[in-house]
Amino acid sequence: MKIGAAVVDRVEEQTFPASLHAITQDEELLDRRVGSLPPGFWDRASGKFQFSCHSWLLRVDGLVVVVDPCTGNGRRLGQAPVFDDLDTPYLERLAEAGAPAEKVNLVFSTHLHHDHCGWNVRLDKGRWVPTFPNAVYLFTKEEYRRWDPANPSRNPNTFNPNVFDQCVRPVVAAGQARVVAPPYQISSSLTIEPAAGHTTGHAMLRLVSEGVRAYFTGDAFHHPVQFARPELHLPGCDDLAVATETRRSLVKRLQEESAFVLPAHFPSPHYGRLGLDDSEVCFLPGGAP
Ligand SMILES: [Zn+2]
């Protein structure tokens, strides 16, 4: 689709059912806020929703930008089988959308969970090398520090192991990494802004073009029920209080600006805007810019 002068494509890696009940079991709320959304947002029988792993591909200001390059092939994390030993035609799909790896100028990960930076690299003769040979990879300072094993004050946990060594270090070694502090303006239309909480340095990308506004929000939201109830969350946040506050202020902003929200994991149609229904915030899926 076009958002102002920007051409925006979605490049899918995979989809799988995930527990909506892990976010909320309030059936009344789900009925009210999710009941009329397209079927991928809630399967009543199983209590699951269709979790999509995709990247957003942007062409604007003469740039070819990949946002959140998914999990990648041939990686074994041993945390959830659904992410292990993938063999998907993600790079072929990217090429079909008009962005073969060598054409990509910029790669931005909203955060450094493996499903947002895995394709930073690919295996080449047993070594991880940058997938996008001509790209600058943008990392936010806080998030880089959050995962850097050399940082003694980082938040260590067993979740998301080896992400720095596998998905960041090879990019740094190739001289393709740029560490920036948001707000950071990339070009006339694109700005990286902070959106912390899900991870310490989680950020988002704002696109403003020809008066249309859109936010690529990564994992600030996993499901539209969070627009009505920003305190709801999928387990696994670095800082739940900060994540909730980020969601609250984003909901306000998305409404005030009539902006599009393009999260990293929403099922089809994968994006939308916010509205009000009986003075409760609701999700309006899809829509033309
Ligand atoms: Zn994610």
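Before moving on, here are some points about what is shown:
- As a summary of the residue check, A203 satisfies the conditions (1) open to solvent by less than 10 Å² (accessible area, probe 1.4 Å); (2) over 16 Å from the mean Cα position of the chain (by Cα); (3) closer than 21 Å to V107 by Cβ except for the one numbered (2).
- Filtered residues of region 252-274 (kept if assigned to a helix (DSSP H, G or I) and surrounded by fewer than 20 Cβ atoms within 10 Å (Cβ to Cβ)): K252, R253, Q255, E256
- In region 227-238, the residues that are in contact (Cβ under 8 Å) with a residue 40 or more places away in the chain and more than 17 Å from R33 (Cα to Cα) form Cβ pairs under 7 Å with partners that are among the β-branched types (V, I, T) and open to solvent by 40 Å² or more (accessible area, probe 1.4 Å), at six or more places apart or across chains, as follows: D238/T200.
- Number of residues in region 116-161 that are open to solvent by 70 Å² or more (accessible area, probe 1.4 Å) and either under 23 Å from A95 (Cβ atoms) or assigned to a helix (DSSP H, G or I) (or both): the value is 9.
- Residue list for region 251-286, restricted to those being within 18 Å of V208 (Cα to Cα), in contact (Cβ under 8 Å) with a residue 40 or more places away in the chain and away from the ligand (no atom under 16 Å from the Cβ): E257, S258, A259, F260, G272, L274
- The strands (runs of 3 or more DSSP E) found entirely in region 1-115 that carry 3 or more residues being open to solvent by 50 Å² or more (accessible area, probe 1.4 Å) are 6-19, 48-60.
- Some residue of region 116-124 being within 21 Å of D87 (Cα to Cα), free of Cβ contacts under 8 Å to residues at least 24 places away in the same chain and out of contact with any strand residue (DSSP E or B) (no Cβ under 9 Å at 6 or more places or on another chain): yes
- In region 221-237, the residues that are farther than 15 Å from P267 by Cα and within 13 Å of the ligand (Cβ to nearest atom): H233, L234, P235, G236, C237
- Every residue from region 228-243 that is under 17 Å from the mean Cα position of the chain (by Cα) and either open to solvent by 60 Å² or more (accessible area, probe 1.4 Å) or among the β-branched types (V, I, T) (or both): P235
- Top-ranked residue in region 58-77 [being away from the ligand (no atom under 16 Å from the Cβ) and among the hydrophobic types (A, V, I, L, M, F, W, C); ranked as nearest to H202 (Cα to Cα)]: V65
The values are calculated or read from the model by the stated rules, or taken from the named source; none is laboratory data. Keep in mind it's a predicted model, so treat the numbers as computed, not measured. Neighbour counts run over all protein chains shown; Cβ positions are idealised from the backbone, glycine included. Keep in mind that these areas ignore ligands, DNA and RNA; they rest on the heavy atoms of the full protein, side chains included. Shrake-Rupley method; radii C 1.70, N 1.55, O 1.52, S 1.80 Å.
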